[in-house]
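Trainee: Following this message is one structure expressed as structure tokens.
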Amino acid sequence: MADADRMQRLLRPMLTIRAFEEPLVLLLGGREKHLPLEEMAREAARRCRGIVFFGEAGPVLEDAVRAQATSGSPALRRVRKLSEAVEAARRGKARASA
């Protein structure tokens, strides 16, 4: 993967989160890309009201966000597919997953 492409993949979620002033429900997932996640996870834990994780990368992303969690962190939920993530976000079901 070219360095510019790698940087774009790293920055895209953070820029999306920062583009909104109000708390949002974020869908995070897809394929595992083996990218550093700490800064994105910290930003998501700080600014989102809910996060729904999906796909192959879902567990890795969830672990990264949980590592940054504080008492005021967002509700978290993990599902298998993007369509399930969209439905969970639409219904406001970004609740803690067990």
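The values are calculated or read from the model by the stated rules, or taken from the named source; none is laboratory data. Everything quoted here is computed from the prediction, not taken from an experiment. Positions of Cβ are generated from backbone atoms using ideal geometry, with glycine treated the same way; all protein chains shown enter the neighbour counts.
Trainee: With respect to Gly92, determine if the residue is at positive phi, touching an Asp or Glu at 6+ places or on another chain (Cβ under 8 Å) and not hydroxyl-bearing (Ser, Thr, Tyr).
Mentor: no
Trainee: Can you tell me which residue is modelled with the lowest pLDDT among those in the range 23-78 that are crowded, with 19+ Cβ neighbours inside 10 Å and charged (D, E, K, R)?
Mentor: Here the answer is Glu43.
Trainee: Then there's this: Could you identify the single residue in Ala75, Ala69, Ala44 that is among the small types (Gly, Ala, Ser), over 27 Å from Asp5 (Cβ atoms) and touching a helix residue (DSSP H, G or I) at 6+ places or on another chain (Cβ under 9 Å)?
Mentor: Result: Ala69 is the single residue among Ala75, Ala69, Ala44 that is among the small types (Gly, Ala, Ser), over 27 Å from Asp5 (Cβ atoms) and touching a helix residue (DSSP H, G or I) at 6+ places or on another chain (Cβ under 9 Å).
Trainee: Further question on the same structure: Phe20 - would you say it is aromatic (Phe, Trp, Tyr) and part of a strand (DSSP E or B)?
Mentor: no
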